[in-house]
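Notes follow once the structure below has been shown.
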Amino acid sequence: MTDNVYKRALTFANARLWKLIHVDILLLGALLLLMAGGLVVLYSASGEDMAMVERQGVRFCIGMGVCLGLAQLPPKYMRRASPALFVFLVLLLIGVLLFGVGAKGAQRWLALPGGLRFQPSEIMKILMPMMIAWYFSDRQLPPTFKEVLSVLALILIPVVMIAKQPDLGTALLVAVSGIFVLFLAGLGWRYIVSAAVLAPAAGYALWHFMHDYQRQRVLTFLNPESDPLGSGWNIIQSKTAIGSGGLYGKGWLEGTQAQLNFLPESHTDFIVAVLGEEFGMLGCGILIFSYLLVISRGLYIAGTAEDNYARLLAGSLTLTFFVYMFVNIGMVSGILPVVGVPLPLVSYGGTSIITIMATFGILMSVQTHKRAR
Amino acid sequence: MSRRHQNFRNYRKEKTLTQSRIIIAGLLVLLLAGVLMARLFYLQVVQYKLYQTKSDENRVMLVTMPPPRGLIYDRNGVVLADNRPIHSLTVTPERIKSLPWLKKTLSGMIDISQDEWDQFDEKLKEYRRPYQSITLKSQLTDAQWARIAVNLYKLDGVQVEAQLTRYYPYGKDKAFAHSIGYVGRITSKDLERVDKQAYQGALFIGKTGVEGYYESTLFGKAGIKKVEVNARGRIMEELSQVNPVPGKNIHLYMDARLQQYAYDLMGDYKGSVVAIDPNTGGILALVSKPGFDPNLFVRGISYKNYSTLRNSKELPLFNRALRGGYPPASTIKPFMALAGLEYGFSSWTERYFARGYYQINPGGRRYRDWKRGGHGWINLQRAIIESVDTYFYQLANKMGVTPIHDFLSRFGFGKSTLLDLDGASVGLLPSKEWKRAKYNQPWYPGDSVNIGIGQGFMVATPIQMATAVSAIAARGHYYYPRMARTIGGKPATFQGDSGGVHNIILKDQSNWEKIVTAMSKVITDPKGTGRRLQGTDYTIAGKTGTGQVFSLQDGEEYEADKLVKRLHDHGLFIAFAPVEKPKIAIFAIFENGGGAALPADLTKKIFDAYIDGKYPKRYDYLKGKNQ
């Protein structure tokens, strides 16, 4: 009986209609589940601010439009456009460094006519894996040493520029998305092992490039109690929120940490603490499970993709999506330093939703443009 | 290297390579998701209790509401300890720009002493919930308050809070400091003996006097509000509230007008006056001169003021009425007489030839009488009237110390009978055991002889003397001395039966009337030592005393003008009036007063005032409404 239902579901998912309109219904379903849950938590985290929930809903719709739009575009066009787009975006990053606007001592945006602002580094999260995947698309895998070096150079150019804005979090994520392509392309294990060995040295070097506030974040991560009212406050309060939620949580809108403002940035980066407090470990488990649904579908799409470009791109985008989730929940629960990474599709915020939905558009495109077997 | 030259690519192999990497990545994803779940399990299940507690500590705050302190009134409803609102400058450290900014800005507006900054810095270091304010300067003057108030808009994090503080309306006149006592800032030592939670919002605690003894009564019960607060310390919701119970008002036996009058009558002399109502044991006046202004301590006394008080040679902080140990001198004689009668060593009829001196053994040391030629043939009554030293020398010698000790202790000597003030000294009522323990010496007959006239080892405090006099006035039917008459409108009660009557029953109860007669003749007899008290429309019984500050050597003469004032004799006087139905019993001592004349004159004025209402007009402000 259950077997039958499962088969039917698959049949439904593979239905010709979905393929025709280039929608991967399983991925879409998992995403909608996440978004709906996210809106429920956001309503509580925003202090029952319906306007904020509506704005987020509007972003979801725009994101969905971008997603479905991109899904119509066959991967081969993406491949062809990749290098030109990459170069164009690098030029924009240079533009950001020269004419950028921003806040809190960081220049991240380009001002567009009509009062709009545009953050090139955000797009780079997609274009980086596109570029590297393009690089490998007509090369034989696994990469040679020379190719590895070239790819690292390609990765480093935008990463350094983003780090200079300064936006270390995005820079690292962009780097990671490129490195994922390298890994999926079959990067030799000896490189991986040597990188693991060299990482501490790199970390030391990185320390010297860090701004004071970035160093403070790392120090606070290592010992949050050292400054309970200052920079340690966030992490102490988020751990308290999550821990006091227990197995089943205090109930929706009943989280005292969140509702009494003990929890900072509760609707943006720390939203998972609200979830943990109000819905407990059960709620967190469902959230993580939903992410795993999305990710497993993404990895399946990557594994069954038709060519190297699509395979590498889809794999890297999926893994990067996981990294967002892992870094965010890791930082809010106190096992990773506080870096400004939102929880994808749940945290309140504009640009990241659009880029994330764009990646799923690419995944759908990869999935739905396969030639029929 | 050779791979480069291959012409065809194995796409299948490449696909498998990437797929295997995807599987590895997928496994890593599962592993890391497992790490997250493990972390959540640790926080939400293993450490659930800890974080639940932390969360509650965050949100629930107990706000203590200090109760208004009970007031202290005299017997006629004159307020001696009052509450009045003051304004304090408080600072919320989280809201100020910076500490240096605060110091710079505030010091431009009002004077804040280094002391106050130091205390502030200290409190800043202590644990405190975020956004809880700290008092920087209490008791702003109106001018200071005004200056802060107009600048408040640019003083983020600075507030002016109104609180009730203690105020002693007649503090400046210094007469009440030793009886009413005072409140002061709560120290960490004070907090060890009280409930910390209850005193959380309180500024003061009773330190001495009635304020100190009745602290818990006057304080009342702090109210506790359980509130839910947000992260900025703002109260979001009241969870529960227990209202404060105001402190109880205390009405004293003390007559403020009498107290102030007696204090002023001491003039520039040091000393003490204690007046007791023999019918109740109620203390009508409790003067220790010099006094001080207790308001100084409420405001937080400056170090300079304190050391001035502390180091003054006149010892204004020393409570002479309770702790001053004086030789009773001749004022002990009526008690000695009663002891002699009680134990059969003396009788009213037996005659004694009083020479100018007394010797225990012929040819031994001469214990001299105050009258060089002696008094001739006398009896016990005359011995009291003329204060014949030699009579009491021989009586004490005959009795020995043990009967004296046992009998005098029935009057409260050698112990503290004061019911509701702390810190009273027990004086010294010597005994054989005491001398053995203290000096490892036997009791000598000479020791008894000295005690016979209230000198030697014997030491009594003014409150003890006044109590003993009240016992004679009440014919043995006396009460332990007490300050409080009513507490919260109900008669003050005391633990056990110590507050009740203490009856001294003599073997021959008629001796009470006889000793009273003798003491009234001290005043009325032409040769009576207290004859300067004659001319009142009521009757007085009393006894004079002259206390030696230093001992004259055998054969030396006391010549006042050759001695520095510090070595002049103390003048003492005990009395009660009216004789038939006493309303007031008194003990007065003028340190280095030279003799009993000064305390006797004081006593007459006090009696005129208390019994006949003959107060100087200038004391009308302390009259109260009940008279």
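The values are calculated or read from the model by the stated rules, or taken from the named source; none is laboratory data. Worth saying up front: this structure is predicted, and the values here are computed from it rather than measured. Note: ideal-geometry Cβ built from the backbone for every residue, glycine included; neighbour counts use all protein chains shown.
Please count how many residues of segment B:169-209 are loosely packed, with under 15 Cβ neighbours inside 10 Å and not basic (Lys, Arg).
6
Read through the list (1) hydroxyl-bearing (Ser, Thr, Tyr); (2) without any contact (Cβ under 8 Å) to a residue 60 or more places away in the chain; (3) surrounded by 24 or more Cβ atoms within 10 Å (Cβ to Cβ), then give the number of the only condition that residue B:539 fails.
(3)
Given the options A:232, A:249, A:245, name the one that is farther than 21 Å from residue B:41 by Cα and not acidic (Asp, Glu).
From the options A:232, A:249, A:245, the qualifying one is A:232.
Quick one: which residue in A:242, A:157 is at pLDDT 90 or above and more than 14 Å from chain B (Cβ to nearest Cβ)?
Working: A:242 fails: more than 14 Å from chain B (Cβ to nearest Cβ).
Of A:242, A:157, the one residue that is at pLDDT 90 or above and more than 14 Å from chain B (Cβ to nearest Cβ) is A:157.
Would you confirm whether any residue within segment A:154-166 is of a type in the set (Val, Ile, Thr) and more than 18 Å from the chain's Cα centre (by Cα)?
yes
With respect to residue B:331, is the statement that it is without any contact (Cβ under 8 Å) to a residue 12 or more places away in the chain and of a type in the set (Val, Ile, Thr) true?
So residue B:331 fails the test.
So how many residues does segment A:33-58 have that are among the small types (Gly, Ala, Ser), assigned to a helix (DSSP H, G or I) and under 18 Å from residue A:269 (Cβ atoms)?
Count: 4.
Look at residue B:96 and say whether it is β-branched (Val, Ile, Thr), within 23 Å of residue B:202 (Cβ to Cβ), in contact (Cβ under 8 Å) with a residue 24 or more places away in the chain and surrounded by 15 or more Cβ atoms within 10 Å (Cβ to Cβ).
Details: β-branched (Val, Ile, Thr): yes; within 23 Å of residue B:202 (Cβ to Cβ): no; in contact (Cβ under 8 Å) with a residue 24 or more places away in the chain: yes; surrounded by 15 or more Cβ atoms within 10 Å (Cβ to Cβ): yes.
So residue B:96 fails the test.
What helices (runs of 4 or more DSSP H) lie completely within segment B:20-132 and have 1 or more residues being within 14 Å of chain A (Cβ to nearest Cβ)?
Filter on segment B:20-132 gives B:48-59, B:114-125.
The rows are residues; the columns are (1) of a type in the set (Gly, Ala, Ser); (2) crowded, with 22+ Cβ neighbours inside 10 Å; (3) not assigned by TED's automatic domain parsing to the domain that holds residue B:529.
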position: B:339; (1), (2), (3): yes, yes, no
position: B:344; (1), (2), (3): yes, no, no
position: B:347; (1), (2), (3): yes, no, no
position: B:352; (1), (2), (3): no, no, no
position: B:358; (1), (2), (3): no, yes, no
position: B:363; (1), (2), (3): yes, no, no
position: B:374; (1), (2), (3): yes, no, no
position: B:379; (1), (2), (3): no, no, no
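Going by the structure shown, is residue B:472 in contact (Cβ under 8 Å) with a residue 40 or more places away in the chain, of a type outside the set (Gly, Ala, Ser) and touching a helix residue (DSSP H, G or I) at 6+ places or on another chain (Cβ under 6 Å)?
no
I want to confirm something. Restricting to segment B:364-381 and keeping residues that are outside any strand (DSSP E or B) and in contact (Cβ under 8 Å) with a residue 60 or more places away in the chain, which single residue is nearest to residue B:342 (Cα to Cα)?
B:380
Looking at segment B:423-458, which of its residues are part of a loop (DSSP other than H, G, I, E, B) and surrounded by fewer than 14 Cβ atoms within 10 Å (Cβ to Cβ)?
Once the filter is applied, which keeps residues that are part of a loop (DSSP other than H, G, I, E, B) and surrounded by fewer than 14 Cβ atoms within 10 Å (Cβ to Cβ), segment B:423-458 yields B:440, B:441, B:442, B:444.
Give A:355, A:351 a once-over and let me know the one that is more than 10 Å from chain B (Cβ to nearest Cβ) and either touching a strand residue (DSSP E or B) at 6+ places or on another chain (Cβ under 9 Å) or basic (Lys, Arg) (or both).
A:351
Restricting to segment A:332-347, name every residue that is within 14 Å of the chain's Cα centre (by Cα), within 28 Å of residue A:215 (Cβ to Cβ) and modelled with pLDDT of 90 or more.
First, the residues of segment A:332-347 that are within 14 Å of the chain's Cα centre (by Cα): A:339-347.
The next check asks that each one be within 28 Å of residue A:215 (Cβ to Cβ); those that pass are A:339-344, A:347.
Once the filter is applied, which keeps residues that are within 14 Å of the chain's Cα centre (by Cα), within 28 Å of residue A:215 (Cβ to Cβ) and modelled with pLDDT of 90 or more, segment A:332-347 yields A:343, A:344, A:347.
What is the number of the single condition among (1) facing chain A (nearest Cβ under 7 Å); (2) more than 24 Å from residue A:283 (Cβ to Cβ); (3) modelled with pLDDT under 85 that residue B:11 does not meet?
(1)
Could you grab me the full set of residues in segment B:351-363 that are within 47 Å of the chain's Cα centre (by Cα) and part of a loop (DSSP other than H, G, I, E, B)?
B:355, B:356, B:360
Going through segment B:389-414 one residue at a time, which ones are touching a residue at least 12 places away in the same chain (Cβ under 8 Å), more than 30 Å from residue B:372 (Cα to Cα) and either surrounded by fewer than 24 Cβ atoms within 10 Å (Cβ to Cβ) or not assigned by TED's automatic domain parsing to the domain that holds residue B:355 (or both)?
B:402, B:407, B:409, B:410, B:414 - these are the residues of segment B:389-414 that are touching a residue at least 12 places away in the same chain (Cβ under 8 Å), more than 30 Å from residue B:372 (Cα to Cα) and either surrounded by fewer than 24 Cβ atoms within 10 Å (Cβ to Cβ) or not assigned by TED's automatic domain parsing to the domain that holds residue B:355 (or both).
Can you pull out every residue in segment A:162-184 that is modelled with pLDDT of 85 or more and either surrounded by fewer than 18 Cβ atoms within 10 Å (Cβ to Cβ) or over 22 Å from residue A:340 (Cα atoms) (or both)?
The answer is A:181, A:182, A:183, A:184.
Determine if segment B:42-56 includes at least one residue that is closer than 30 Å to residue B:610 by Cβ, modelled with pLDDT of 85 or more and not polar (S, T, N, Q).
No; the residues of segment B:42-56 include none that is closer than 30 Å to residue B:610 by Cβ, modelled with pLDDT of 85 or more and not polar (S, T, N, Q).
So residue A:187 clears everything in (1) among the hydrophobic types (A, V, I, L, M, F, W, C); (2) assigned to a loop (DSSP other than H, G, I, E, B); (3) at pLDDT below 75 except one condition, right? Which one?
(3)
Out of the residues in segment B:140-168 that are surrounded by fewer than 18 Cβ atoms within 10 Å (Cβ to Cβ) and part of a loop (DSSP other than H, G, I, E, B), which is nearest to the chain's Cα centre (by Cα)?
If we take residues in segment B:140-168 being surrounded by fewer than 18 Cβ atoms within 10 Å (Cβ to Cβ) and part of a loop (DSSP other than H, G, I, E, B), then B:141 is nearest to the chain's Cα centre (by Cα).
Can you give me the number of residues within segment A:268-285 that are surrounded by fewer than 23 Cβ atoms within 10 Å (Cβ to Cβ), at the interface with another protein chain (Cβ under 7 Å from one of its Cβ atoms) and touching a residue at least 24 places away in the same chain (Cβ under 8 Å)?
1
Just give me the residues in segment A:292-313 being assigned to a helix (DSSP H, G or I), at the interface with chain B (Cβ under 9 Å from one of its Cβ atoms) and of a type in the set (A, V, I, L, M), in sequence order.
A:292, A:295, A:299, A:302, A:312
May I ask you to verify whether residue B:122 is in contact with a Gly (Cβ under 9 Å, 6 or more places away or on another chain) and free of Cβ contacts under 8 Å to residues at least 24 places away in the same chain?
no
Go over the candidates A:142, A:158 one by one and state the one that is in contact (Cβ under 8 Å) with a residue 12 or more places away in the chain and assigned to a helix (DSSP H, G or I). Talk me through it step by step, then tell me what you get.
On the way: A:142 fails: assigned to a helix (DSSP H, G or I).
Of the residues listed, the single one that is in contact (Cβ under 8 Å) with a residue 12 or more places away in the chain and assigned to a helix (DSSP H, G or I) is A:158.
Checking the structure you have, find out if any residue of segment A:251-267 is touching a strand residue (DSSP E or B) at 6+ places or on another chain (Cβ under 8 Å), facing chain B (nearest Cβ under 10 Å), outside any helix (DSSP H, G or I) and closer than 16 Å to residue A:48 by Cα.
yes
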